[in-house]
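Structure first, then comments.
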Amino acid sequence: MSEEPYTQPVMEETLDETDAKCPNCAATVSFDPATGMLTCPYCGYSRQVSSDEETAVEELDLEQAENGESSFAWGEDKKTVICEQCGGESVYDALAVSNVCPYCGSNHVMEAAIETSIAPNAVCPFKVPKQTAMERFSKWLKGRWFAPSSAKKQAKAEQAQGVFLPFWTFDTQTTSHYTARAGRDRWVGSGEKRRRVTHWFSVSGIYQQSIDDQPVEATQRYDRGLILKLGAYDTAHAVPYRSEYLAGFISERYSVGLNDGWQIAKTRIRARLEGEVQQYIRRHNRADHVASLRMNTVYDNVRYKYIMLPVWMSSFTYKGKVYRFMVNGETGRVAGHFPVSAWRVLVAVVLGATAVSLLWYWFNGGM
């Protein structure tokens, strides 16, 4: 495939429909995280994002979702671009043109057929400008002492791309019927014969908890641990989805469907509830131990949002391996993978061993 960037004829009706053109020079405007406005990078024109009277995000009823995978358009003309090297799929505005994959840096990208999908109904706009995000990344990378200097030089911060990652969030009212064995410790005997004895007894009850905005990443492309390192997003203050917030950025289409997302959410909610129920049993029964916990949880009034969350991301290749890094587009928190220098690890081990030896020598009266 040619490495020339893909271009597409620009149609006037598409420009009018997306309202993404500058009225002064007809260039494509982008959302500026620094000002929160749509800005033209060429002539400096800017305007506020259009807003409706309703500012709260509508949370949708899961039971009313048609088959869980209803076909909805994004609400604006979009195109899907596929990277031939890593298989990554990204969704762009119909006007946008990109010849670089944000996931692996390859320029082997091609447009795919547009597919319908559930439309996002919420978005956390970018708040951290690109320059600030890259400064955070550079500072973070400099602090990775085990990373080789040559690798740090290859991590080109200016190549980072703003990407909106798809997430589901779920709200529900839970009612859990539980049974368990609770144990209280007491000490018997005295002196060398003193020992701890645990008295076990059965407990049961009902535990109710409201769950708000349980997040589930709707992408399968990334290590969940890496996403978790980005920290939490303020999804409670997300705004209703408008395409202007995504102008100038890439938006990844979800690869984890609504029904699958809910099953993942239930697994995580149950794990959370198990921990809370164990704490409740300990506190309510003045118990020291909890064992054999069994729970039957009912989930009522399940509601969801399909929300787009902002990330600055890029990658660099070092000795044939791709390393990805991300910056939370809302808070600026950095997460990433980096190569490790074997000799730096060796130096750290030697220094650590030397320090231990000196301490041992000191405490044993050698100095």
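The values are calculated or read from the model by the stated rules, or taken from the named source; none is laboratory data. Because the structure is a prediction, the values reported are computed rather than measured. All Cβ positions, glycine included, derive from the backbone under ideal geometry; neighbour counts span all protein chains shown.
Give the residues of the range 235-282 that are modelled with pLDDT of 95 or more and of a type in the set (D, E, K, R), sorted by residue number. Within the range 235-282, Lys266, Arg268, Arg270, Arg272, Glu274, Glu276, Arg282 qualify.
Scanning the range 120-141 for residues that are under 19 Å from Arg242 (Cβ atoms), β-branched (Val, Ile, Thr) and surrounded by fewer than 21 Cβ atoms within 10 Å (Cβ to Cβ) yields a count of 0.
Residues checked against (1) of a type outside the set (Ser, Thr, Tyr); (2) crowded, with 21+ Cβ neighbours inside 10 Å; (3) in contact with a Lys or Arg (Cβ under 8 Å, 6 or more places away or on another chain):
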{"position": "Ala232", "(1), (2), (3)": "yes, no, no"}
{"position": "Val256", "(1), (2), (3)": "yes, no, no"}
{"position": "Asp288", "(1), (2), (3)": "yes, no, yes"}
{"position": "Tyr304", "(1), (2), (3)": "no, yes, no"}
{"position": "Trp312", "(1), (2), (3)": "yes, yes, yes"}
{"position": "Gly329", "(1), (2), (3)": "yes, yes, yes"}
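For Ser292, the criteria (1) modelled with pLDDT of 95 or more; (2) within 22 Å of the chain's Cα centre (by Cα); (3) among the hydroxyl-bearing types (Ser, Thr, Tyr) hold in every case but one, which is (2). Looking only at residues of the range 186-221 that are β-branched (Val, Ile, Thr) and not in a loop (DSSP other than H, G, I, E, B), we find that the one that is surrounded by the most Cβ atoms within 10 Å (Cβ to Cβ) is Val216.
Does Ala182 satisfy being within 25 Å of Glu274 (Cβ to Cβ) and modelled with pLDDT under 90? Answer is no for this residue.
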